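Below: one structure, written as structure tokens.
The values are calculated or read from the model by the stated rules, or taken from the named source; none is laboratory data. The model shown is predicted, which means the values in this text are computed figures rather than measured ones. Because the Cβ atoms are built from the backbone with ideal geometry, glycine has one as well, and the counts that use them run over all protein chains shown. The accessibility values were calculated without ligands, DNA or RNA, using every heavy atom of the protein model including side chains. Shrake-Rupley method; radii C 1.70, N 1.55, O 1.52, S 1.80 Å.
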Amino acid sequence: MQDNIDKNLVIENTSFDENMKVHDVTKEPFKIYGNSKSAKNIFARMNENAAEKVSVGVKNRGARSSGVRIRFKTDSKRFGIRADLSTTFHAGSLTSISALGFDIYSGNKFIKSVFPDDPAVKPSVVYEQVVDLEGDMSDITVYLPYNAVVNSLFFALDKGATVLPAENYRDLAPIVFYGSSITHGFCVSRPGITFTAKIGRNLNMDYRNLGFSGAARGEEAMAEYIASLNKSVIVCEYDHNEPSAEELSKRHLPFYKKIRETDKNTPILFLSRPDERDANEAHKRMKVVEATYKYALENGDKNVYFIDGLTLFPDDIRYDCTVDAVHPNDLGAHMIAEKLTEKLWKILSI
């Protein structure tokens, strides 16, 4: 055991042995991406004060680590994680990996998921695991759980292993994704295959996941926050969380206008929801989103784009792409990522 480990994370039967060194992931050469640099919890994706101005739901979900990644380069043959999580894990459409687990990638290659053996519902979980790496010098990306608050996190690597900063992402500002539980990541099986994570790898770009399950309502304060961020493009999908198409029509255009008050030029890609449980309602909502897009074009905004969400899944396998006819499963996330990657390539001219 290492002397510099947070005492709150001491585990009696540790799987880290005397040949492993424990590292504080908040220190160099480790680098955290997708988080809010001004949040009290460094693994949160939104500043608490900014989130509270939006809603209680956004404050609660903004503390969860969806889209947050840690990157570094190493030739270690072993890799350990020690995590302290607060969780609202429940059975059903979530897995213990998606709620409590970490995904490990070497370059763009998936290595393994790390998650607790006991997925029981608990207010907090502390666990530790060690996995094997290939041992070649490579960039490692660790995706944090999308439905848990990460309170503390330590990595362990072989003593004597080289540990360096990872290669930088493409030299562009991050993509900012804003939306509902679909953007948040529900209900893919693990955090590395949310559609936002896939797009990040496809484009070799940093990104911020501002998907808030059940709490994306296009609030003015949210528009102001998004407008203030450093970003290359905004991907906006949130119509699910409005109770009706009529309510959506009251907020969608004002949301766009509020962003454009201070951010005149960042490209905005609007999406409507991809499910058609109620085809008539889905069509109405799509028309509301499309109307905002058309309004922007008619008023001289050349940096707006639109995708009808119902075109994201092939008709013949539409319901094979979801868990519950709403939330994308792994196949659905892949389909969304492929369509959006193609569109973002063109928008960003990369």
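Helices (runs of 4 or more DSSP H) fully within the stretch 1-105 that include at least 2 residues being modelled with pLDDT of 95 or more and over 16 Å from the mean Cα position of the chain (by Cα): 48-54, 56-62.
For the structure I just gave you, tell me whether A227 is within 19 Å of the chain's Cα centre (by Cα) and assigned to a helix (DSSP H, G or I). For A227, the condition - within 19 Å of the chain's Cα centre (by Cα) and assigned to a helix (DSSP H, G or I) - is met. Condition check for E247 on (1) part of a helix (DSSP H, G or I); (2) closer than 23 Å to G57 by Cα; (3) touching a strand residue (DSSP E or B) at 6+ places or on another chain (Cβ under 9 Å): one failure, at (3).
Table: residues versus (1) touching a Phe, Trp or Tyr at 6+ places or on another chain (Cβ under 6 Å); (2) charged (D, E, K, R); (3) at positive phi.
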| site | (1), (2), (3) |
| --- | --- |
| F16 | no, no, no |
| V25 | yes, no, no |
| P29 | yes, no, no |
| R45 | no, yes, no |
| K53 | no, yes, no |
| V56 | no, no, no |
| S65 | yes, no, no |
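Please work out if K109 is more than 16 Å from the chain's Cα centre (by Cα), farther than 24 Å from D158 by Cα and basic (K, R). Steps first, answer last, please.
On the way: more than 16 Å from the chain's Cα centre (by Cα): yes; farther than 24 Å from D158 by Cα: no; basic (K, R): yes.
No; evaluated as a whole, the condition is false for this residue.
Could you list, in sequence order, all residues of the stretch 295-345 that are aliphatic (A, V, I, L, M), in a helix (DSSP H, G or I) and open to solvent by less than 10 Å² (accessible area, probe 1.4 Å)? Walk me through it before giving the result.
Looking only at the stretch 295-345, we keep the residues that are aliphatic (A, V, I, L, M), and these are 296-297, 304, 307, 310, 312, 317, 323, 325-326, 331, 333, 335-337, 340, 344.
After this cut, where a residue has to be in a helix (DSSP H, G or I) as well, the list is 296-297, 310, 317, 331, 333, 335-337, 340, 344.
Answer for the stretch 295-345, where residues must be aliphatic (A, V, I, L, M), in a helix (DSSP H, G or I) and open to solvent by less than 10 Å² (accessible area, probe 1.4 Å): A296, A333, I336, A337, L340, L344.
Only residues that are part of a helix (DSSP H, G or I) and crowded, with 16+ Cβ neighbours inside 10 Å: list them for the stretch 256-280, please. Lay out the reasoning, then the answer.
So in the stretch 256-280, the residues part of a helix (DSSP H, G or I) come out as 256-262, 279-280.
The answer is Y256, K258, I259, R260.
The residues listed here are P145, P165; of these, the one that is open to solvent by 50 Å² or more (accessible area, probe 1.4 Å) and within 19 Å of I32 (Cβ to Cβ) is P165.
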